[in-house]
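Where a number appears in this text, it was derived from the coordinates with a stated rule and is not lab data. What you see is a predicted model; the values in this text were computed from it and never measured. Backbone-built Cβ (ideal geometry, glycine too); neighbour counts: all protein chains shown.
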There are 2 protein chains.
Amino acid sequence: MKVKVYIRLKEGVLDVQGQVVLRALRNLGFEEVEEVRIGKLIEMELSDGDRERVKEMCERMLANPVVEDYEIVIEDGKD
Amino acid sequence: MKVKVYIRLKEGVLDVQGQVVLRALRNLGFEEVEEVRIGKLIEMELSDGDRERVKEMCERMLANPVVEDYEIVIEDGKD
């Protein structure tokens, strides 16, 4: 079972890494860039499980629920 | 124009961070996890531009073309 998890900083949380990349892109001449936010893309292969189980992984380890949101996409297998 | 860029390590490139997360998940009891690969999710807001321009950003700054692949998804605007 293939699973993708997208981890994003919650809206309103300052994205320092994104701001650094924004500035660097503008310095390279990409002045059309207005905002950059950087998150994580976690791709997993599981021998078994379902969305509830992946949610538990996110809550316990993959994301920091205080400042991050997660989105789970089950590519195949049970949902 | 909203753009998402997914940055992934190329196949065959050792994902050290992914291996650490894999081990940590298994130690927490998630023994069904067989593989973890970790990439970046970059979300940008642009005042103008097209896929070619975003590709240029990837090649010049966002990705390391030696070890990383990138996937560009234009959410609205010109493609």
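Bridging of A:LYS55 to lysines at a Cα separation below 19 Å is possible for A:LYS2, A:LYS4, A:LYS10, A:LYS40, A:LYS78, once same-chain residues fewer than 8 apart are set aside.
For B:PRO65, inter-copy separations between label points set 7 Å beyond Cα along the Cβ vector come to 4.3 nm, shortest first.
Based on C-alpha pairs under 8 angstrom that are at least 6 apart in sequence, chain B has a relative contact order of 52 percent. A simple spin-label model places the labels of B:ASN64 and A:GLU56 3.6 nm from each other, with each point 7 Å out along Cα-to-Cβ.
The rotation axis bringing chain A onto chain B passes closest to the chain A residue reported with its distance as A:LEU41, 2, by C-beta distance in whole Å. The Cα atoms of the protein assembly as shown define a convex hull whose projected area, averaged across directions, is 9.7 nm².
Inter-chain neighbour count for A:27-34: the average number of beta-carbon atoms from partner chains within 10 Å of each residue's beta-carbon is 6. About its Cα centre, the dipole of region A:2-74 is roughly 160 debye, where the only charges are +1 on Lys and Arg Cβ and -1 on Asp and Glu Cβ.
Farthest towards the positive end of the charge dipole of chain A, among the residues A:ASN64, A:MET1, A:ILE42, is the Cα of A:ASN64, using unit charges on the Cβ of Lys, Arg, Asp and Glu. Between the helical axis of A:16-27 and the longest alpha-carbon principal axis of chain A there is an angle of about 40 degrees. Peptide A:52-61 has a mean of 3 when you count, residue by residue, the C-beta atoms of other protein chains within 10 Å of its C-beta. Size of chain A from its Cα atoms: along the principal axes, largest to smallest, the extents are 47, 25, 14 Å.
With a 10 Å cut-off around each Cβ of A:40-51, the average count of Cβ atoms from other chains is 6. In order along region B:49-61, the phi-based Karplus estimate (6.51 cos²θ - 1.76 cosθ + 1.60, θ = phi - 60°) of 3J(HN,Hα) comes to x, 8, 4, 4, 5, 5, 4, 5, 4, 4, 5, 8, 9 Hz; Gly and Pro are listed as x. Scalar couplings 3J(HN,Hα) for region A:70-75, obtained by applying the Karplus form with A = 6.51, B = -1.76, C = 1.60 to θ = phi - 60°, are 10, 10, 9, 10, 8, 7 Hz; x denotes Gly and Pro.
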